[in-house]
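Student: Before we start, here is the structure in question, set down as structure tokens.
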Amino acid sequence: MTKKNLITLTLIFTIILIISGISLFLFLNKKESNQKMNKNNNKQEIKKEETIINGIDIANWKTYRNEEYGYMIKYPNDWNIRELKIGASFKKGGGEILVESWPIFGHFANLPLKEYIENTGSGIQDYDSIHSIKEVKTNTGIIGYEVIWNIDPDSFVKKDFSDPIIYFEVKKQDVLKDAKTIQISYRSTPNDYSKKIFNTMIKTFDYLK
């Protein structure tokens, strides 16, 4: 092989290496860009899912914070809020939802929430007995209980069962001796719209950090 041919082959080999290096660089760069794009899309999708609950966009909802009992809950920005001694009332038109902290009843303070509700029975509500109780979970994984109560036949309320009442446990240490439950309930007979708002608000319940 002549010196001229050797130089030519060396040049060709060098060019091939350069082209291969550029191709590899472009490929890896594109792969990294695609990964970043997918990651951003996933984040946006997660964010979107967190603001859509029960088909309702809560992105512009307001947040009610109760510092005394250590919790917060979101509510529609076009609903009126009224502060109460033990919580708050949320109202629009004929629909009204109450969020209240209730004192401990009897000697059952140390029981888990479900057992507390079952043992205290009608003592924590003006109803006859428990008709049904089931677990509910918020978007942040907090466990509460939905209770429907039997209504005393002699009561002035002309129906067999109460509307659902949701119970969460008070977690703030300095009020545990005084309060056990945070209760979410209807103040007035709910329509389909207020039922949807009620169920969506429950999903947003959370404890203050």
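Conditions (1) part of a loop (DSSP other than H, G, I, E, B); (2) at pLDDT below 85; (3) under 15 Å from residue 169 (Cα atoms); (4) touching an Asp or Glu at 6+ places or on another chain (Cβ under 8 Å), marked per residue:
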{"site": "50", "(1), (2), (3), (4)": "no, yes, no, no"}
{"site": "64", "(1), (2), (3), (4)": "no, no, no, no"}
{"site": "74", "(1), (2), (3), (4)": "no, no, no, no"}
{"site": "100", "(1), (2), (3), (4)": "no, no, yes, no"}
{"site": "105", "(1), (2), (3), (4)": "yes, yes, yes, no"}
{"site": "118", "(1), (2), (3), (4)": "no, no, yes, no"}
{"site": "126", "(1), (2), (3), (4)": "yes, yes, no, no"}
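Student: While we're on this one: If you take the residues of the stretch 144-156 that are surrounded by 12 or more Cβ atoms within 10 Å (Cβ to Cβ) and not small (Gly, Ala, Ser), which of them is modelled with the lowest pLDDT?
Tutor: Applying the filter and picking the extreme gives 152.
Student: Kindly indicate the residue of the stretch 159-209 that is in a helix (DSSP H, G or I) and within 16 Å of residue 109 (Cα to Cα) and also modelled with the lowest pLDDT among those meeting that condition. Full working, then the answer.
Tutor: Our first condition is that a residue be in a helix (DSSP H, G or I); within the stretch 159-209, this holds for 173-175, 192-204.
Add one more test, that the residue is within 16 Å of residue 109 (Cα to Cα), and what stays is 173-175.
Values: 173: 72, 174: 74, 175: 69.
For the stretch 159-209, the residue satisfying everything is 175.
Student: Looking only at the stretch 75-123, count how many residues are of a type in the set (Phe, Trp, Tyr) and more than 21 Å from the chain's Cα centre (by Cα).
Tutor: Of the stretch 75-123, the ones of a type in the set (Phe, Trp, Tyr) are 75, 79, 90, 102, 105, 108, 116.
Adding the requirement that they be more than 21 Å from the chain's Cα centre (by Cα) leaves 102, 105, 108, 116.
Number satisfying all stated conditions: 4.
The values are calculated or read from the model by the stated rules, or taken from the named source; none is laboratory data. All values derive from a computational prediction rather than experimental measurement. In this analysis, Cβ positions are derived from the backbone assuming ideal geometry, glycine residues included, and neighbour counts consider all displayed protein chains.
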